[in-house]
Amino acid sequence: MGRAIALHMTGSSVGQFTAPFFVGIFLTYYGWRSPIMVWSGLGISTGLILYFSLRNQKGSLTHEGKVLSPPFFSRPMGIYLMAVSVWGIAQTALMTFLPLFLVDFRGFSKEMAAAIYGVMSLAGAICRPFLGALMDRMKRRKPVIIGGFIFAALSILGLATMKSLMMMYLCIILLGVFGSGHSGLSDIFMIEMIPSGRREETIGFILTARMSIASLAPILVGLIAEQIPLPYIFMILAVVPIFTASIISLAEERPVE
């Protein structure tokens with residue numbers, strides 16, 4: 001499962017690391033309006049492709065006679081949801097304010113700050129399959145997940161404190177590997193805790209809860225940033241992955257069929 005989900009996520013990352021570079025090229029010649037219209041058209045095209053490719057597979061994608069039921073819950077699931085919700089707040093805040101931090105405090109151009117997302121996604125896309133394979137080889141998910149959050153904390157701290165350009169890029173690459181690439185793979189830990197017949201409603205509930213909590217981060221950090229400079233806020237955010245790792249360490253790893 002680690003390799004399969006890593007391959008799936010790497011495919012989606014291709015668009016994430018190519019998009020900022022294409023947007024930068026379009027901005028040079030056409031301004032903001034045309035690229036946004038093009039990207040909206042790509043979203044519509046994706047929806048149509050999915051519709052026509054999946055409409056004939058309806059029977060194989062649903063459980064006959066399945067009724068609506070509440071999400072599956074267990075103690076490890078509750079601990080996992082708490083941990084990733086805490087991390088989601090830090091991750092969303094970091095990604096929201098990273099370009100502003102790079103431009104205002106590290107002297108990056110706006111175009112280069114936007115392209116950083118591409119660098120991070122590329123790093124995550126390259127390393128994600130190896131992390132997924134490592135999870136499969138170890139037969140355990142939790143040690144890789146905990147180690148990844150520790151590296152994420154170190155990369156955020158380095159980003160906030162180091163001003164050397166080479167060290168900045170190193171921290172950005174590590175953040176791409178462990179801040180986005182690794183954290184997506186941590187969902188394997190959660191998926192394996194859910195009985196196969198209960199996964200649809202449970203995964204939907206967990207993702208909705210996690211994203212709803214994470215959506216509060218930009219406004220909270222934005223209000224704090226009016227009083228505290230962003231480098232100090234990033235130092236505070238560096239503590240969050242350690243806290244997340246500590247919470248996940250309490251969860252038992254007991255996959256179910």
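The values are calculated or read from the model by the stated rules, or taken from the named source; none is laboratory data. Fair warning: this is a prediction, and the values are worked out from it, not measured in the lab. Reconstructed Cβ throughout: ideal geometry from the backbone, glycine too, with neighbour counts over all protein chains shown.
Please list, ordered by first then second residue, the pairs with beta carbon atoms under 6 Å, 6 or more apart or interchain, first in the stretch 3-17 and over 22 Å from Val144 (Cα atoms), second not hydrophobic (A, V, I, L, M, F, W, C).
Gln16/Ser121; Phe17/Gly118; Phe17/Ser121
Which of the residues that make up the stretch 81-111 are in a helix (DSSP H, G or I), over 22 Å from Ile146 (Cβ atoms) and at pLDDT 85 or above? Steps first, please.
Let us first name the residues in the stretch 81-111 that are in a helix (DSSP H, G or I), namely 81-106, 110-111.
Of the ones still in play, those that are also over 22 Å from Ile146 (Cβ atoms) are 96-106, 110-111.
Thr96, Phe97, Leu98, Pro99, Leu100, Phe101, Leu102, Val103, Asp104, Phe105, Arg106 - these are the residues of the stretch 81-111 that are in a helix (DSSP H, G or I), over 22 Å from Ile146 (Cβ atoms) and at pLDDT 85 or above.
Which residue pairs have Cβ atoms closer than 6 Å, lie 6 or more positions apart in sequence or on different chains, and pair a first residue in the stretch 31-43 that is within 17 Å of Gln16 (Cβ to Cβ) with a second residue that is part of a helix (DSSP H, G or I)?
Pairs found: Pro35/Val23; Pro35/Phe26.
Give me the pairs: first residue in the stretch 98-126 and surrounded by 18 or more Cβ atoms within 10 Å (Cβ to Cβ) and among the β-branched types (Val, Ile, Thr), second residue in a helix (DSSP H, G or I) and modelled with pLDDT under 85, beta-carbon distance under 8 Å, and six or more apart or on different chains, which are they?
From the stretch 98-126, the pairs are Ile116/Pro20; Val119/Phe17.
How many residues, within the stretch 197-217, are over 18 Å from Ile5 (Cα atoms) and touching a Phe, Trp or Tyr at 6+ places or on another chain (Cβ under 6 Å)? Before you say what the answer is, go through the steps one by one.
Going residue by residue through the stretch 197-217, those that are over 18 Å from Ile5 (Cα atoms) are 197-198, 201, 205, 208-217.
Cutting the leftovers down to touching a Phe, Trp or Tyr at 6+ places or on another chain (Cβ under 6 Å) gives us 198.
Residues flagged as over 18 Å from Ile5 (Cα atoms) and touching a Phe, Trp or Tyr at 6+ places or on another chain (Cβ under 6 Å) within the stretch 197-217 amount to 1.
How about the stretch 247-257: which of its residues are farther than 20 Å from Met1 by Cα and exposed (fewer than 13 other Cβ atoms within 10 Å of the Cβ)? So that I can check it myself, show each step before the final result.
Let us first name the residues in the stretch 247-257 that are farther than 20 Å from Met1 by Cα, namely 247, 249-250.
Listed by number, the list holds a single entry, Leu250.
Filter the stretch 206-224 for residues that are β-branched (Val, Ile, Thr) and touching a helix residue (DSSP H, G or I) at 6+ places or on another chain (Cβ under 9 Å); which is surrounded by the fewest Cβ atoms within 10 Å (Cβ to Cβ)?
Taking the stretch 206-224 first, the residues β-branched (Val, Ile, Thr) are 206, 208, 213, 219, 221, 224.
Retained after the next criterion (residues that are touching a helix residue (DSSP H, G or I) at 6+ places or on another chain (Cβ under 9 Å)): 206, 213, 221, 224.
Working: Ile206: 21, Ile213: 17, Val221: 22, Ile224: 14.
Looking at residues that are β-branched (Val, Ile, Thr) and touching a helix residue (DSSP H, G or I) at 6+ places or on another chain (Cβ under 9 Å), I get Ile224.
Consider only pairs whose beta carbons are under 7 Å apart and that are at least six residues apart or on different chains; among these, list those whose first residue lies in the stretch 169-196 and is closer than 11 Å to Ala6 by Cα and in contact (Cβ under 8 Å) with a residue 60 or more places away in the chain and whose second residue is surrounded by 19 or more Cβ atoms within 10 Å (Cβ to Cβ) and β-branched (Val, Ile, Thr).
Once the first residue is closer than 11 Å to Ala6 by Cα and in contact (Cβ under 8 Å) with a residue 60 or more places away in the chain and sits in the stretch 169-196, its partners that are surrounded by 19 or more Cβ atoms within 10 Å (Cβ to Cβ) and β-branched (Val, Ile, Thr) give Ser186/Val84; Ser186/Ile145.
Keeping to the stretch 5-41, report how many residues are within 23 Å of the chain's Cα centre (by Cα), surrounded by 12 or more Cβ atoms within 10 Å (Cβ to Cβ) and not β-branched (Val, Ile, Thr).
Taking the stretch 5-41 as the starting set, the residues that turn out to be within 23 Å of the chain's Cα centre (by Cα) are 5-24, 36, 39-40.
Still in the list and also surrounded by 12 or more Cβ atoms within 10 Å (Cβ to Cβ): 5-10, 13-24, 36, 39.
This time we only want the ones that are not β-branched (Val, Ile, Thr), so: 6-9, 13, 15-17, 19-22, 24, 39.
Qualifying residue count for the region: 14.
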